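First the structure, in the form of structure tokens, and then the observations on it.
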Protein chains: 2
Amino acid sequence: MDTRAIGIWDSGLGGLTVVRAVAERLPGERLVYFGDSARVPYGTKSAQTVRRFARQNSEFLLTKGLKLMVVACNTASALALEELQELLDIPVIGVIEPGARAAAAATRTGIVGVIGTPGTIQSGAYNAALRECKGGLSVVSRECPLFVPLAEEGWLMHPATRLTAEEYLNPVKQAGVDTLVLGCTHYPVLRPLIGEVMGQDVRLVDSAEETAREVEARLDKLNLKSADESAAELECYVSDMPSRFRQAGELFLGRRIENVALVEYDKAKENPWQ
Amino acid sequence: MDTRAIGIWDSGLGGLTVVRAVAERLPGERLVYFGDSARVPYGTKSAQTVRRFARQNSEFLLTKGLKLMVVACNTASALALEELQELLDIPVIGVIEPGARAAAAATRTGIVGVIGTPGTIQSGAYNAALRECKGGLSVVSRECPLFVPLAEEGWLMHPATRLTAEEYLNPVKQAGVDTLVLGCTHYPVLRPLIGEVMGQDVRLVDSAEETAREVEARLDKLNLKSADESAAELECYVSDMPSRFRQAGELFLGRRIENVALVEYDKAKENPWQ
């Protein structure tokens, strides 16, 4: 039994959907979450910058004593996962490969849709992961940059969100997909609307559940599991606005968040030229 | 004659509308611009974080040898201007006070609308500046967090943008404003649509022109002007994606941008725990 924590991070709040799934599946584990709310969003930024942020976030969480780390951000999983796996000496799990595996298993027609941020879609990471899971799949992908701000505005069923969803999703639907990967941790809150636009014949896949399954499998394999439910807890850190995180985070986590602290990476460099 | 540069910064691209106005009014001045594209947007972040970013951006630009600095970001002007004016020993000009002055001069009914990011509106900076310009003004303000991502998506006349604008602006219109301050440097690109929703009787004010006027007045007063048009140039720095800045920036600047370099503040701390 290994009581070190599992570290989970995202650019903001969305990764809490992964925290929720991991906590449900592994109630004996101690979880430490970091949300980079001072630099959110990542999805419209360059690979170089996302990789730099990913190294910094990982190194912060490592100071908490981890046995395994989850990159619960699709953009960072797409752009930085391999580098982190090389740099760190603990297992690092992303959200792309689990989501792709679930979608490859679900599709009947072999035509799979993927929606995500510009960073995720442009990386081609889902295409590669889907084709690795199952040869011969046809993948239709679409950047949806407005979904994150619309979700954060809370316009989950607003007419403007519906128009946006129709514009983004109609070409994906017309391509005949039977499975759609929600390739961004923010999108599950838009699931009802996305489901209406895609129609009931299209199966929606989000990576949270599948990622939690992967975390469990990896801990089992490496004999790193903890079952000490009395010690299980969730400790959260953010780089901005802990009170907003506490409130809005409940939408993603499904329960109250008690324990949120502010961290400022660049504090020591506040006056770098003085 | 003082040939040191004027420094202008924003969270991203929008401040180029101010660069444009300053360059037109003061063709003999050397301009240095910084856009914090790695951490954009500022409008949904806390005062504490925006102030930290503002100090860092200012200190970077100061290394370029400035005689005057313009904070061409409404959110940072609202939250960090006073602190910068205290910290720095050159004049620092924001965009709020010039915009407020133009609106106070324009209104006939005395009812002025202000739209901006959550950070700008919640700060109350426009209310204070407007009332300082002209006692007895009535101010109606509204946060419009989706306008920045809609403008960046290029959906300048899209039906989803129109629905969003109607939802944000109808209450402002119904309050009987005759003047509306576009209190965010991104909003001028949405001006045609905002104008349609508000109706032709409402005058739209953006701060760029008025800010350039203030820059000129301050240089005149302090005898800091340069008239060496042969030396005039624009030097741009961004914290992410210089090529995107070069392309998209033309929309805001109205001409080609030749000279863009990438700067990474936190580079030295890439591996802070090693």
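The values are calculated or read from the model by the stated rules, or taken from the named source; none is laboratory data. Please read these numbers as outputs of a predicted model, since none were measured by experiment. Note that we place each Cβ from the backbone using ideal geometry, even for glycine, and neighbour counts take in every protein chain shown. Surface areas here come from the heavy atoms of the whole protein model, side chains and all, with no ligands, DNA or RNA. Shrake-Rupley method; radii C 1.70, N 1.55, O 1.52, S 1.80 Å.
Tabulated results
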quantity	calculated
Complete set of residues in region A:126-149 that are open to solvent by 10 Å² or more (accessible area, probe 1.4 Å), within 14 Å of chain B (Cβ to nearest Cβ) and outside any strand (DSSP E or B)	A:Pro145, A:Val148, A:Pro149
In region A:206-238, residue farthest from A:Gly154 (Cα to Cα) [restricted to those that are small (Gly, Ala, Ser) and touching a helix residue (DSSP H, G or I) at 6+ places or on another chain (Cβ under 7 Å)]	A:Ala212
Qualifying residue in region B:84-96 (condition: assigned by TED's automatic domain parsing to the domain that holds B:Val260, out of contact with any Cys (no Cβ under 9 Å at 6 or more places or on another chain) and of a type in the set (D, E, K, R))	yes
Strands (runs of 3 or more DSSP E) within region B:173-271 that include 2 or more residues open to solvent by less than 10 Å² (accessible area, probe 1.4 Å) and outside the structural domain of B:Leu61 (by TED's automatic domain parsing)	B:179-183
Test: residue in region B:104-114 that is touching a strand residue (DSSP E or B) at 6+ places or on another chain (Cβ under 6 Å), of a type outside the set (Asp, Glu), assigned by TED's automatic domain parsing to the domain that holds B:Gly135 and assigned to a helix (DSSP H, G or I)	yes
Qualifying residue in region B:111-125 (condition: away from chain A (no Cβ under 14 Å), open to solvent by less than 10 Å² (accessible area, probe 1.4 Å), among the hydroxyl-bearing types (Ser, Thr, Tyr) and under 17 Å from the mean Cα position of the chain (by Cα))	yes
Residues located in region B:24-33, provided they are under 14 Å from B:Ala227 (Cβ atoms) and not in a loop (DSSP other than H, G, I, E, B)	B:Arg25
Test: A:Leu81 is within 14 Å of chain B (Cβ to nearest Cβ) and open to solvent by 20 Å² or more (accessible area, probe 1.4 Å)	no
Some residue of region A:101-112 being farther than 29 Å from A:Leu222 by Cα and in contact with a helix residue (DSSP H, G or I) (Cβ under 8 Å, 6 or more places away or on another chain)	yes
Some residue of region A:84-92 being open to solvent by 10 Å² or more (accessible area, probe 1.4 Å), under 18 Å from A:Ala217 (Cα atoms) and under 15 Å from the mean Cα position of the chain (by Cα)	no
Search result, residues across region B:24-70 that are more than 13 Å from chain A (Cβ to nearest Cβ) and open to solvent by 30 Å² or more (accessible area, probe 1.4 Å)	B:Glu24, B:Arg25, B:Pro27, B:Arg30
Single condition B:Glu166 does not satisfy, out of (1) within 14 Å of chain A (Cβ to nearest Cβ); (2) closer than 22 Å to B:Ser11 by Cα	(2)
Residues located in region B:233-257, provided they are closer than 28 Å to B:Ala102 by Cα and over 18 Å from the mean Cα position of the chain (by Cα)	B:Arg255
Residue in region A:124-131 that is in contact (Cβ under 8 Å) with a residue 24 or more places away in the chain, farther than 26 Å from A:Glu166 by Cα and in the same structural domain as A:Asp178 (by TED's automatic domain parsing) present	yes
Qualifying positions in region B:34-80 - closer than 21 Å to B:Leu219 by Cα, within 12 Å of the chain's Cα centre (by Cα) and without any contact (Cβ under 8 Å) to a residue 60 or more places away in the chain	B:Ser77
Number of positions in region B:1-23 that are open to solvent by 10 Å² or more (accessible area, probe 1.4 Å) and assigned to a strand (DSSP E or B)	0
Index of the failed condition, B:Ile96 passing every other in (1) open to solvent by 10 Å² or more (accessible area, probe 1.4 Å); (2) more than 13 Å from chain A (Cβ to nearest Cβ); (3) touching a residue at least 24 places away in the same chain (Cβ under 8 Å); (4) more than 20 Å from B:Leu13 (Cα to Cα)	(4)
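So that you can scan it fast, the table gives a plain yes or no per residue for (1) out of contact with any strand residue (DSSP E or B) (no Cβ under 9 Å at 6 or more places or on another chain); (2) at pLDDT 85 or above; (3) away from every other protein chain (no Cβ under 14 Å); (4) over 30 Å from B:Asp2 (Cα atoms):
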position: B:Asp178; (1), (2), (3), (4): no, yes, yes, yes
position: B:Val189; (1), (2), (3), (4): yes, yes, yes, yes
position: B:Val197; (1), (2), (3), (4): yes, yes, no, yes
position: B:Val215; (1), (2), (3), (4): no, yes, yes, no
position: B:Leu234; (1), (2), (3), (4): no, yes, yes, no
position: B:Ser243; (1), (2), (3), (4): no, yes, no, yes
position: B:Leu251; (1), (2), (3), (4): yes, no, yes, yes
position: B:Glu258; (1), (2), (3), (4): no, no, yes, no
position: B:Asn271; (1), (2), (3), (4): yes, no, no, yes
